[in-house]
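**Q** One structure is given below, represented as structure tokens, and several questions about it will come after.
The values are calculated or read from the model by the stated rules, or taken from the named source; none is laboratory data. Quick caveat, the model's predicted, so the values are computed rather than measured. A quick note on method: Cβ atoms are made from the backbone with ideal geometry, for glycine too, and the neighbour counts reach across all protein chains shown.
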Amino acid sequence: MNLDWLRYFIVMSEASSLAQAAERLHVTPQALSNALAGLERHYQVKLLERGPRAKTLTPAGRTLRAAIPGILQAVDAVEQQLSDLQSEEPAGAISIGSTAFGNKYLLADALATLRARHRHLKPRLYGMVPAEQERWLAAGELDLIVLPYQPSRETFAARLLSRVPYVIVGRPQEPVPWHALEYVMPGHFWPKDGGCASERHMGDHWPADCPRNVVAEADQLESAIALVEAGVGAVFVPEPAVRAHVREGRLAVVADPPQPYFEEYYLAWQPNAARSAALRATIEVLTEHQTTLMGRA
């Protein structure tokens, strides 16, 4: 049996239609129909009832859906154990999901260290919103994820990676009170109601009880920073995103926020997968960088 069919079935069971599932998986609806037909032939049961506008899992489908994560984890564990036997050091691909911010600012340096230390490890980075990361990890599609909050699924193992401070930066000037500045507000993707769909919301963790003068909005963090570099106000952002700008003198910390804000990032993985030498080595290196990601303990 094709294991990809099982992975596809997880997404099919969560999506509102095969078309939506195909879009999420970047495959054709026909490929999903073929996968479903293959599973139903293999198990000789009907797994999905499809109506004109919706589909529902049959009792057999619900049973299979509940069993798939364990099946995939068992297969991955065997494959990793065989891989470890072939090499004295951790080897193979490690799939890591994070936000675009996490991939760029929290993981890049640590993964460079990982590659230098373990030449047979191959990191695979995937950028996705947090809710997608958790679903992919549960489905066995990822080995490790980096979330901007503690994972919502109690079945995951988790560890604090970093506490990222936010700073107010603008073009270099003498520091002023925060309320004397104009601001650019960046956008963020957040999941809708804990579901699979996500939408972009404007918001930067500014305290709601401290109103400020927002003069511009940008749908991406980098766009907001570019506006500030051009002279449009100041911005309240994660420190790693502007570290190079400040070091090079293009931007400066121009005010203290009304109250400190730290965004906590967590590593999460499936507990059974921790037997993998490759995953253990990756977690070890990322954890070592926990105190250096921000340049401070």
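**Q** Sort out which residues of the range 18-58 are surrounded by 13 or more Cβ atoms within 10 Å (Cβ to Cβ), among the small types (Gly, Ala, Ser) and under 21 Å from residue 128 (Cα atoms), and write them in order of number.
**A** Result: 21, 22.
**Q** When you check residue 268 against the structure, is it among the small types (Gly, Ala, Ser) and assigned to a helix (DSSP H, G or I), yes or no?
**A** Numbers: among the small types (Gly, Ala, Ser): yes; assigned to a helix (DSSP H, G or I): no.
Spelling it out, it is not the case that residue 268 is among the small types (Gly, Ala, Ser) and assigned to a helix (DSSP H, G or I).
**Q** Starting from residues that are assigned to a strand (DSSP E or B) and within 21 Å of the chain's Cα centre (by Cα), keep the ones in the range 219-238 and report whichever is farthest from residue 184 (Cα to Cα).
**A** Here the answer is 238.
**Q** Related question: Determine whether residue 250 is in a loop (DSSP other than H, G, I, E, B) and touching a residue at least 12 places away in the same chain (Cβ under 8 Å). Before the answer, list the steps.
**A** Values: in a loop (DSSP other than H, G, I, E, B): yes; touching a residue at least 12 places away in the same chain (Cβ under 8 Å): yes.
So residue 250 fits the description; yes.
**Q** Here is a follow-up. Of the conditions (1) at pLDDT below 85; (2) assigned by TED's automatic domain parsing to the domain that holds residue 279; (3) surrounded by 14 or more Cβ atoms within 10 Å (Cβ to Cβ), residue 85 satisfies every one except a single condition; which number is it?
**A** Only one criterion in (1) at pLDDT below 85; (2) assigned by TED's automatic domain parsing to the domain that holds residue 279; (3) surrounded by 14 or more Cβ atoms within 10 Å (Cβ to Cβ) is unmet by residue 85, namely (3).
**Q** Name the residue that is farthest from residue 25 (Cα to Cα), counting only residues in the range 131-147 that are modelled with pLDDT of 90 or more and assigned to a loop (DSSP other than H, G, I, E, B).
**A** 143
**Q** How many residues, within the range 114-130, are in a strand (DSSP E or B) and more than 14 Å from residue 147 (Cα to Cα)?
**A** Filtering the range 114-130 for residues in a strand (DSSP E or B) gives 121-127.
So of that shortlist, the ones also more than 14 Å from residue 147 (Cα to Cα) come out as 121-124.
So the answer is 4.
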